[in-house]
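Asker: Would you mind keeping the following structure in view while I ask a few things?
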Amino acid sequence: MRGSLLRSLTLAAILAATSTASSLAQSDDGSRLLGALLGDTPMVRDLQTLTDEIGGRPTGSPANLRAFDWALERFREAGVDARKEPFQMPGLWLERSARATVKGKGVAFSPRVAALPFSTGTAAAGLTAPLVDAGKGAESDYAGLGAKAKGAFVLVETDELLDLDGLFREYVEAGHIERRAIAAGAAGLVYMSSRPGNTLARHNASLGLANRHPMLMMERDAAARALRLLRAVIPLTLTVALDIQSGPAYQAHNVIGEIRGSTRPDEIVVIGAHLDSWDLGTGALDNGANAAMVIDIARQIRRLGLQPARTIRFALWNGEEQNLNGSFGYTLAHAAELDRHIMASSYDIGTGRISGFFTGGRAELVPVLERALAPVAGLGPFTHVNIPIVGTDNYDFMMQGVPNLVANQESANYGPNYHARSDEFGRADLRQLRLNAAIAAAATWGFATLDLALPRQSARQVDSLVRHTDLADQMKSFNVYDAWVAGKRGLRP
Ligand SMILES: [Zn+2]
C-alpha cells in the first residue's frame, strides 16, 4: 500500500504544483536532487539497520559507539568527507535493569517499570517504602497527603498521552511535579505511564544529573490498580530495585559529514538530526528516521555531483537525549566559525509530514524558506511559526545567535511512542519520510545556494529574545536556563 502510493507520486506531479521552480537559481540541480531522494534510495534500509541491528543507542552505551561508527561509514561509502568530532558528556547514565513489587494485605504484584533518565539507583535488594496516592501531583494533592509523603514513594496519576500537545504539557508539568515531590520529602517519584497499552517510556527527569532520587514510570494498568487499592484504603508498600550504570564526565562524538561549497565555501549551512536515542525501543521515530534522512540527502548530493555555493555540513548529533550535549559541544569547538554559520536546521519530530518550520524569532527567515520550498510546494502547504523552540539541537545555535530552524511536523504517532518501548521501525511512515527528505533537501539546498545574508545575532538580541518570548520557561523545562544565566551556555550581554 505504502509502496504503490509512493510510486504514484512522481516528481513531475510535485513540480507541476509550482510555477516558480524554474525561476530559482540552480533549479535544475535542485530538481535532480529532489528526484533522486523521491526514488529508490538506501534510506529505508539504513533505518532498518540502525533500529533492528544496532538498536536503542543511549549515549555512553556500546550500541551508541557502534551507531556512530556505522554512520561514519555510511558517509564515507557515499564519498562524503566525514569525521568524528569529540565533545564532553557531563556524566554517564544508563539503566541496566529495573524491577518493582507492590505489596499490601493479601495483595502482591510486580508491575513492569522503567527508570526515568538520571534516576538514582538502589541497593541490589531494592528500596522499600510506603506507596502513597499523590493524585496528579498538584500542590493541593501534596497538601492533602501532608506528612504521609515524607519517606514514601509518591505515585502520580497521568492523562493518556495522545499527541504533541500532550507531550509538551507533560514536559511543562513534570518539573513542577518533581519539585513538589522533593519538597514533600518523598523517597522517590513514580509516574503512572501516560502511554497506551501498558507501554513504558523514559520521560526526562527535569533535574538532569543533579537529581538525587529514584524516579520511575510504572505500566499504566498496574499503576491504576495500585491507585484503586490505595483509594479503597488498603495500605501498600513499593519495593524498587534499579540497577543504574553511572559515571563521571566522558568524551563522546558527533559525526559530521561535509560537502564543500563551490563559490562561498567559508559560509556554512548545517542540517542536523540526533543519532542517539533512548533504549526501551530502538529509536526509529526519535530520531533514527531523520538521521537516516540526513545521511541520504548527503549521499544523493554527492552521487549527483552537485555543488552547493556554500558548504553544507550534515550533522549527526550525539548526547541529545541527555541535555543536547553534542550540538552544544559543536558550538564550543566551532566557536570561531559561528559568525559564518548562516543556518543550522534540526529534524527531530518523527515521520509526520513537515508542515513548515519554527524560525526561532527571526522573521527574515520566512521569505528565504518560501523561496527555498517553492520546488516542493506540491508537498505543502507550509506554514512557518516564528517562535523560539527548546528541546532539540537548534538550541545552542539559537543561543549563539545563529539563524536556526526546527522542522515543524504533524504530530502523527510521535507522542504516544515518544521515548517508549514502542518506538520501533514498524512505526515509521516510510512514504512520508521520503517526502520529508525532499522537503528537507529543498530547504537545505535553498540556504546553501540562494543569494542571501543572514548575520549572526548579538548577545543583546539573544537576551531580548529570552525576555520577549516564553523562552525562559522552555529553558527551565529542559534544564538549560541556569547554565545560560551563569554565562556557561549561549551569549550573554
Ligand atoms: Zn529526539
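The values are calculated or read from the model by the stated rules, or taken from the named source; none is laboratory data. Since this is a predicted model, take the numbers as computed values, not measurements. Reconstructed Cβ throughout: ideal geometry from the backbone, glycine too, with neighbour counts over all protein chains shown. Just the protein is used for accessible areas: all its heavy atoms, side chains included, with ligands, DNA and RNA removed. Shrake-Rupley method; radii C 1.70, N 1.55, O 1.52, S 1.80 Å.
Asker: Percent of accessible area on the stretch 332-481 owned by carbon and sulfur, 1.4 Å probe?
Answerer: Carbon-and-sulfur percentage of accessible area, whole number: 52.
Asker: Pull up all non-local amide H partners of Leu236: gap of 5 or more, or a different chain, and H-to-H distance under 5 Å with H placed in the peptide plane.
Answerer: The answer is Leu131.
Asker: Among all the lysines, which ones have a C-alpha under 30 Å from Lys148's C-alpha, if same-chain residues fewer than 8 places away are not counted?
Answerer: Straight-line reach from Lys148, under 30 Å: Lys103, Lys105, Lys136, Lys476.
Asker: Counting only heavy atoms of protein chains, what accessible area per residue, in Å², does the chain have with a probe of 1.4 Å?
Answerer: About 38 Å² of surface per residue is accessible.
Asker: Same structure, new question: So for the stretch 349-408, averaging the separation of alpha carbon pairs under 8 Å that are six or more residues apart and normalising by length, what relative contact order in percent results?
Answerer: With pairs under 8 Å counted, the relative contact order is 53 percent.
Asker: For Gln400, enumerate residues with amide H under 5 Å from its amide H, sequence gap 5+ or separate chain, H modeled in the peptide plane.
Answerer: Here the answer is Leu491, since their amide H atoms fall under 5 Å of that of Gln400.
Asker: Right, something else. Explain nothing, just the number: dipole magnitude of the chain about its Cα centre with +1 on each Lys and Arg Cβ and -1 on each Asp and Glu Cβ, in debye rounded to the nearest 20.
Answerer: Here the size comes out at about 680 debye.
Asker: If packing is taken as the average number of other Cβ atoms within 10 Å across a peptide's residues, how do 98-111, 209-222, 307-320, 257-270 rank, most packed first?
Answerer: 307-320, 209-222, 257-270, 98-111
Asker: Roughly how many debye, to the nearest 20, is the charge dipole of the stretch 48-138 about its Cα centre, given +1 on each Lys and Arg Cβ, -1 on each Asp and Glu Cβ, and no other charges?
Answerer: The calculation lands at about 500 debye.
Asker: I would also like to ask the following. Looking at Ile259, Ala273, Asn318, which one has the Cα that reaches farthest to the positive end of the dipole of the stretch 250-329 (charges on Cβ: Lys, Arg +1; Asp, Glu -1)?
Answerer: Ile259
Asker: Quick one: what do you get for the stretch 234-330 if you divide its Cα Rg by 2.2 N^0.38 Å?
Answerer: 1.53
Asker: With Cβ to Cβ distances under 13 Å as the rule, what net charge do the other residues near Asn413 carry (K, R +1; D, E -1)?
Answerer: -3
Asker: Can you give the three extents of the C-alpha atoms in the stretch 19-132 along their principal axes, from longest to shortest, in whole Å?
Answerer: 75, 35, 25
Asker: Give the distance, in whole Å, between the Cα centre of the stretch 335-364 and the Cα centre of the stretch 282-328.
Answerer: First find each Cα centre; the distance between them is then 13 Å.
Asker: Subtract the Cα-Cα distance of Asp451 and Ile234 from 0.36 nm times their separation in residues, and report this length gain in nm to one decimal.
Answerer: 71.1 nm
Asker: Mind ranking 115-128, 388-401 by how tightly packed they are, going by the mean number of other C-beta atoms within 10 angstrom, highest first?
Answerer: Those peptides, ordered most packed to least, come out 388-401, 115-128.
Asker: Which shape class, rounded, prolate or oblate, goes with the stretch 294-333 when its Cα gyration tensor gives a ≥ b ≥ c as root eigenvalues, a/c under 1.5 marks rounded, and past that a/b bigger than b/c marks prolate?
Answerer: Oblate shape, in that a/c is at least 1.5 and b/c is the bigger or equal ratio.
Asker: Rank-order 163-172, 439-448 by packing density, defined as the average count of other C-beta atoms within 10 Å over each peptide's residues, highest first.
Answerer: Going by the mean number of other Cβ atoms within 10 Å, highest first, we get 439-448, 163-172.
Asker: Would you work out what percent of the accessible area of the stretch 158-310, with all protein chains in place, is carbon or sulfur (probe 1.4 Å)?
Answerer: So the carbon and sulfur contribution to the accessible surface is 51 percent.
Asker: Can I ask one more? Which helices pass in the chain if a helix is a full DSSP H run, must span at least 24 angstrom along its long axis by Cα, and must have mean Kyte-Doolittle hydropathy not below 0.0?
Answerer: Once both thresholds are applied, what remains is 430-449.
Asker: Search the structure for amide H atoms under 5 Å from the amide H of Ala187, placed 1.01 Å from N in the peptide plane, and list their residues when 5 or more places away or on another chain.
Answerer: Those qualifying (amide H under 5 Å, at least 5 residues apart or on another chain) are Gly151, Ala152, Phe153, Val154.
Asker: Per q in 0.05, 0.06, 0.07, 0.13 1/Å, what log10 I(q)/I(0) does a Debye calculation on the alpha-carbon atoms of the chain return?
Answerer: Values, matching the q order: -0.19, -0.28, -0.38, -1.18.
Asker: Can I ask one more? Please list, in order along the stretch 94-106, the HN-Hα scalar couplings obtained from phi with the Karplus expression 6.51 cos²θ - 1.76 cosθ + 1.60 (θ = phi - 60°), rounded to whole Hz, x for Gly and Pro.
Answerer: 9, 8, 8, 7, 8, 9, 8, 9, 9, 9, x, 4, x
Asker: In square nanometres and to one decimal, what's the mean projected area of the convex hull around the Cα atoms of the stretch 172-291?
Answerer: Here the figure is 11.6 nm², rounded to one decimal.
Asker: Picking from Gly126, Ala71, Gln88, whose Cα lies most toward the positive end of the charge dipole for the stretch 57-134 (charges on Cβ: Lys, Arg +1; Asp, Glu -1)?
Answerer: Of the candidates, Gly126 comes out farthest on the positive side.
Asker: Working from the alpha-carbon coordinates of the stretch 167-241, get Rg over Rh, Rh being the Kirkwood radius.
Answerer: Looking at the stretch 167-241, the ratio lands at 0.96.
Asker: How would the stretch 271-414 be classified by its alpha-carbon gyration tensor: rounded, prolate or oblate, with rounded meaning a/c under 1.5 and the a/b versus b/c comparison settling the rest?
Answerer: rounded
Asker: Then there is this: Output the direction-averaged projected area (hull surface divided by four) of the convex hull of the alpha-carbon atoms of the stretch 89-239, in nm².
Answerer: 9.0 nm²
Asker: Here's another thing I want to ask about it. Expressed as a rounded percentage, what relative contact order does the chain have, with Cα pairs under 8 Å and six or more residues apart?
Answerer: Once normalised by length, the contact order is 21 percent.
Asker: I would also like to ask the following. What are the ³J(HN,Hα) values, in whole Hz, obtained from phi via the Karplus relation 6.51 cos²θ - 1.76 cosθ + 1.60 with θ = phi - 60°, for each residue of the stretch 477-493 in sequence order, with x given for Gly and Pro?
Answerer: 4, 9, 6, 10, 5, 4, 5, 5, 4, 6, x, 9, 8, x, 6, 10, x
Asker: Taking 8 Å as the Cα distance limit and 6 or more residues as the minimum spacing, I'd like the relative contact order of the stretch 324-385 as a percentage.
Answerer: 38 percent
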